[in-house]
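The values are calculated or read from the model by the stated rules, or taken from the named source; none is laboratory data. This is a predicted model, so every value here is computed, not measured. Because the Cβ atoms are built from the backbone with ideal geometry, glycine has one as well, and the counts that use them run over all protein chains shown.
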Amino acid sequence: MQKILQVRTRSRIGIAFLILLLTMGTVNGQEKTVAMPRIVEKEGRHALLVDGEPFFMFGGQAHNSSAWPGMLPHVWYAIEALNANTLEVPIYWEQIEPQPGEFDFSFIDTLLIQARERDKRLVLLWFATWKNGSNHYMPEWMKRDSRKYPNITGKDGNPVDSPSPHAKAAMEADARAFTSVMRYLKEADPQHTVLMVQVQNEPGSWGSVRDYSKTAQKLFEGPVPEALLEPEVLRELNIPVDARGSWEEVFGKNADEYFHAWSVASYIEYVAAAGKAVNPLPLYVNAALRDPLTDPPANTYESGGPTDNVIPIWKAAAPSIDFLAPDIYLRGNDNVLKVLELYAREDNALMVPEIAGSGENVKYLYKVLEHGGIGFAPFGIDNNGQGTDEEAAERLLALAQEYRIMEPMMRKLAKWGFEGKIYSVVESETEHQYTIDLGLWEAVLSFGTGYRRNQSGNERPTGKAMVIKLDENECILIGTQCRFTFRPTGKNEGKAWQYLKVKEGWYENGEFRFLRIRNGDETDWGGPYMGNVPTVLHVTLVTR
Ligand code: DGJ
């Protein structure tokens, strides 16, 4: 059975591979190879290099149960309507390995073919041992054998609906299956339609801070592993660098959670490292967040996952994971901006693989670009078998409008973000005016729908503005529901000034297309105004 499946899938992909080779041509008689996607860092910012150049994922994620051939038309409809360049889509362990050791990659083939037909990229989500803290995507043959593939035990001795990170047989089975997927991709996807792979989905446990089984307890009472006792790890966790001993001795009240984070991350490292050894695509793990501002107790969120407080533990335990990514379902600027700051680290590229994608959240795309992040995706883009495709698309219209103007300038935005040229502000409930320091100029942003000078905020705080500094006196402005103006600063402080030119237009294949020059009423009454639909302005300023 296994062979039959592999022969069948290989032959379809074999033809695709041959066509690719023929279309790639040769360089000096050598086959041109397509560069592997990879993440690079410079001064705390990151770029995802795709085909050798910075790439920003304007993405969208399918609903959990939409990764079946019959559902894909709805998913692609949503991706097209959203103007996204990348689909994030689950691949289910139960679908890929229906019997032990028998792999079925036909759905991966379908995805690859359909994505290429539409000129879209893919991020595959490996729904395996953990999906939102449970093991509901394990194959049936594992679900039926709870002795071999156990769940965790709660403090009260009762089983919890969450797989144990100490289940060696499950870990080895997951690593074998994941490696087969990665090996298959290496063979079937030489052009890297798949940009990255998410390993598991929101791992950790709800309902118990850790595993209290006998096996786990024994480890918990043993010494803390050396990798966690490195001074930089302890310092980040606010622990004296000479601390040694058991988990409780070293980590006190946080010992249970830290132990679970270490255990889950180590299991995932085992799986990720095995896959990466055969195909070194970027890998990441997504986090069900905790409140980033109040240091809540671990039994109030999903314990053991890469929440902000245990990032150093995850980094030490899982070096094969390129980055940890926040799934944003929190609300309010204070929370969301804090989360973005916490995950945009020198050692961690910022990507938002899931966000509730409508209303006020659209504005956070601007902040991810400013941080030099690598991607953004709303969760649940397709109709999910309910309502029409059009209704599903309508819910994401505001984001689709952003993607529509930004995707054609994607390579430039990714490069500008990486180089630290992007500045942004997002409207809050209380603040309606912001300034951005551009060196010789200060950009002043006022949110609100008023046409003239009086900007007193929008009905809902959905406004956003981005300034891309191209030169001392030259910038690009993008935004909605706001007005921009400027003030000379630094050595130009106090000088008179005016717009040299405010060009309005849009981007097509990375090139600016001119629509008109804004002047007169369109600049004189408190600066250029942006309405509900985002606009691109190319502005040059002069002092006199
Ligand atoms: C976060 C998970 O990662 C997603 O798969 C999904 O379950 C959403 N929550 C909620 O719909």
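When you check residue 281 against the structure, is it in a loop (DSSP other than H, G, I, E, B) and away from the ligand (no atom under 16 Å from the Cβ), yes or no? Here the answer is yes, as residue 281 does meet what is asked. For residue 258, the requirement of being among the hydroxyl-bearing types (Ser, Thr, Tyr) and touching a strand residue (DSSP E or B) at 6+ places or on another chain (Cβ under 8 Å) is not met.
Filtered by the rule that a residue be of a type in the set (A, V, I, L, M), more than 25 Å from residue 474 (Cα to Cα) and surrounded by 16 or more Cβ atoms within 10 Å (Cβ to Cβ), the range 385-440 gives 392, 393, 396, 398, 399, 400. The residues on offer are 114, 95, and the sole one that is in a helix (DSSP H, G or I), within 16 Å of the ligand (Cβ to nearest atom) and in contact (Cβ under 8 Å) with a residue 12 or more places away in the chain is 95. In the range 445-541, counting only strands (runs of 3 or more DSSP E) that sit wholly within it, the ones holding 2 or more residues that are closer than 16 Å to residue 427 by Cβ and of a type outside the set (Asp, Glu) span 464-471, 474-480, 482-488.
Of all the listed residues (324, 342, 350, 365), the sole one being of a type outside the set (Ser, Thr, Tyr), farther than 30 Å from residue 224 by Cα and at pLDDT 95 or above is 365. Taking the range 327-396 as the region of interest, the helices (runs of 4 or more DSSP H) fully inside it that hold 3 or more residues being over 16 Å from the mean Cα position of the chain (by Cα) are 333-343, 389-395.
Please count how many residues of the range 192-238 are of a type in the set (D, E, K, R), over 30 Å from residue 58 (Cβ atoms) and assigned to a loop (DSSP other than H, G, I, E, B).
From the range 192-238, those of a type in the set (D, E, K, R) are 202, 210-211, 214, 218, 221, 226, 230, 232, 235-236; that's our starting set.
Imposing the further condition that a residue be over 30 Å from residue 58 (Cβ atoms) reduces the set to 210-211, 214, 218, 221, 226, 230, 232, 235-236.
Adding the requirement that they be assigned to a loop (DSSP other than H, G, I, E, B) leaves 210-211, 230.
Looking only at that region, the number is 3.
Can you find even one residue in the range 173-180 that is in contact with an Asp or Glu (Cβ under 9 Å, 6 or more places away or on another chain), within 23 Å of residue 62 (Cβ to Cβ), within 16 Å of the ligand (Cβ to nearest atom) and in contact (Cβ under 8 Å) with a residue 60 or more places away in the chain? So far as the range 173-180 goes, no, none of its residues is in contact with an Asp or Glu (Cβ under 9 Å, 6 or more places away or on another chain), within 23 Å of residue 62 (Cβ to Cβ), within 16 Å of the ligand (Cβ to nearest atom) and in contact (Cβ under 8 Å) with a residue 60 or more places away in the chain.
Does residue 130 fit the bill of being of a type in the set (Phe, Trp, Tyr) and within 26 Å of the chain's Cα centre (by Cα)?
Details: of a type in the set (Phe, Trp, Tyr): yes; within 26 Å of the chain's Cα centre (by Cα): yes.
Yes: the conditions hold for residue 130.
Within the range 136-151, the set of residues being touching a residue at least 12 places away in the same chain (Cβ under 8 Å), out of contact with any strand residue (DSSP E or B) (no Cβ under 8 Å at 6 or more places or on another chain) and not in a loop (DSSP other than H, G, I, E, B) comprises 140, 142.
Taking the conditions (1) part of a helix (DSSP H, G or I); (2) farther than 22 Å from residue 270 by Cα; (3) of a type outside the set (S, T, N, Q) in turn, residue 295 satisfies each one other than (1).
The residue that is surrounded by the fewest Cβ atoms within 10 Å (Cβ to Cβ), among those in the range 81-135 that are more than 23 Å from residue 286 (Cα to Cα) and basic (Lys, Arg), is 118. Considering every residue within the range 40-53, establish whether at least one is of a type outside the set (A, V, I, L, M, F, W, C), crowded, with 23+ Cβ neighbours inside 10 Å and more than 19 Å from residue 398 (Cα to Cα). Within the range 40-53, one or more residues are of a type outside the set (A, V, I, L, M, F, W, C), crowded, with 23+ Cβ neighbours inside 10 Å and more than 19 Å from residue 398 (Cα to Cα).
Being touching a Gly at 6+ places or on another chain (Cβ under 7 Å) and within 14 Å of the ligand (Cβ to nearest atom) is true for just one of 305, 357. Which residue is that?
Values: 357 fails: touching a Gly at 6+ places or on another chain (Cβ under 7 Å).
Going through 305, 357 in turn, just one is touching a Gly at 6+ places or on another chain (Cβ under 7 Å) and within 14 Å of the ligand (Cβ to nearest atom): 305.
Within the range 152-166, the residues that satisfy the criterion of being free of Cβ contacts under 8 Å to residues at least 60 places away in the same chain and crowded, with 20+ Cβ neighbours inside 10 Å are 160, 162, 163, 164. Report the residue count in the range 377-395 for those that are in contact (Cβ under 8 Å) with a residue 12 or more places away in the chain and within 15 Å of the ligand (Cβ to nearest atom). Selection size over the range 377-395: 11. Checked against (1) within 16 Å of the ligand (Cβ to nearest atom); (2) under 17 Å from residue 200 (Cα atoms); (3) of a type outside the set (Ser, Thr, Tyr); (4) under 25 Å from the mean Cα position of the chain (by Cα), residue 75 passes all but condition (2).
Return yes when residue 119 is more than 16 Å from the ligand (Cβ to nearest atom), under 29 Å from residue 83 (Cα atoms), not β-branched (Val, Ile, Thr) and not in a helix (DSSP H, G or I) and no when it is not. Criteria met by residue 119.
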